[in-house]
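Comments concern the structure below.
Just so it is clear, none of the values below were taken in a lab; they were calculated from the coordinates. Bear in mind the structure is a predicted one, so any value in this text is a computation, not a measurement. Cβ coordinates were reconstructed from backbone atoms using ideal geometry, including for glycine residues, and neighbour counts include every protein chain displayed.
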Amino acid sequence: MNNYSIRKMQPEDRWEVAELICISTNFWYQVHGFPMVFAAGPQSTVFHFDTYHALEGSSGIVAVDTETRRIIGSCFQHDRPTHVSLGIMNVHPNHARRGVAGALLREIVELAGVKGKPVRLVSSAMNLDSYSLYNRAGFVTFAVYQDMTVRVPVDGFRESHEATARVRPATLSDLDAIVDLEREVSYIERPGDFRHFIENADGNWHVSVCEGLRDPFRLDGVLVSCLHPACNMIGPGAMRDSASAVALLQAELNVNAGRAPVFLLPVTECTLVRQAYAWGARNCELHFAQIRDGQHVRVNGIAMPTFMPESN
């Protein structure tokens, strides 16, 4: 007997889930010789709960211990038009080896199966336990990303690149073109996500687009920044070519002037990676993009995922 049950996340779970994310993540990194990721405590990780309950199609599930009624595991999911994404998963270290992560994963896989959609995720290459969990469940790696970080000068990066003049802040009038772009590049759709980022009701997001070289109504790229201190990341993004990718990355780095955001670059995109090194970026981790029950995945351009909110 596992002596726990799985149920849908509720509003009253907000702080308990935030504390679980904080404890579980910090514990894993410290055990493996790294500093805490969430040094500010649950006051920072409550951002995860709030974001997944604000994005269209997002929700969460929790594992609850039968005896104590405490939440011992949590996972977010994101039901998008083309697929279901698996968000951040956490299990309390005191409740390891009880099969909690596997139970949460099965629940989301089954829900996706009912909808007839593949499940996609982005997971750390350093965490072999999680990789094994997903791999055993039928997930296949289709892309590798190097996590990079750079301290952006307070006045930003000022050099001009091939597509710099075509980059501007996104507006809601760009939404249809953004959806079309990502469908052509990554074969996925998430209009609700991009609407949320552009509207930016909580003040945590910024979006830039790169207008088409020959047709400004056909975008060549889009890139988002998360400005929240608990998850200062650049992405998600989709670009048709390296020129638009370089220009957009510089634009979003400059939005983060004086900070050190993290961004995920495809290991195969040499031009983009070399430019990041030229700005002084360093590698800090690797991530795998994985899919279950999906056709062979290819990218017709450049995709830059994130892991909060998850995207690939």
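Here are a few things to note about the model shown:
- Its Kirkwood hydrodynamic radius, worked out from the mean inverse distance over all distinct Cα pairs, puts segment 252-312 at 13.5 Å.
- Alpha carbon centroid spacing (whole Å) that separates segment 157-191 from segment 46-102: 31 Å
- Over segment 187-303, all Cα pairs binned in 10 Å intervals from 0 give whole-percent P(r) values of 12, 43, 36, 9, 0, listed from short to long.
- The calculated FRET efficiency for ARG14 paired with ARG69, based on their beta-carbon distance and R0 = 22 Å, is about 0.85.
- Placing dummy labels 7 Å off each Cα toward the beta-carbon, the span from VAL37 to THR271 is 3.2 nm.
- Cut-off under 5 Å, modelled amide H: who pairs with GLU285 long-range: ASP147
- Excluding exposed DSSP-loop trypsin sites (Lys or Arg not before Pro) (at most 13 other C-beta within 10 Å), longest clean stretch of the chain: 215-297
- Pairwise Cα separations in segment 112-181 fall into 5 Å bins from 0 onward with the following percentages, short to long: 3, 9, 12, 12, 14, 15, 14, 11, 8, 2, 0.
- Stretching GLU162 away from ASP180 to a fully extended chain increases their span by 4.2 nm, per 0.36 nm per residue minus the current alpha-carbon distance.
- A crude spin-label estimate for the pair ASP129 and ARG218, with each label 7 Å from Cα along the Cβ direction, gives 4.9 nm.
- Burial ranking of peptide ranges 37-43, 185-191 (average Cβ count within 10 Å, highest at the top): 185-191, 37-43
- Mean Cβ count within 10 Å, highest first, over the residues of peptides 200-209, 16-25: 16-25, 200-209
- For segment 4-117, the alpha-carbon coordinates run over 40, 29, 28 Å along the three principal axes, in decreasing order.
- Alpha-carbon radius of gyration plus Dmax, which is the widest Cα pair, for the chain in Å: 19.0, 64
- Cα-only Debye scattering, segment 99-232: base-10 log of I(q)/I(0) at q = 0.21 Å⁻¹: -1.33
- Computed lengthening from HIS53 to VAL144, 0.36 nm per intervening residue step minus Cα-Cα distance: 29.9 nm
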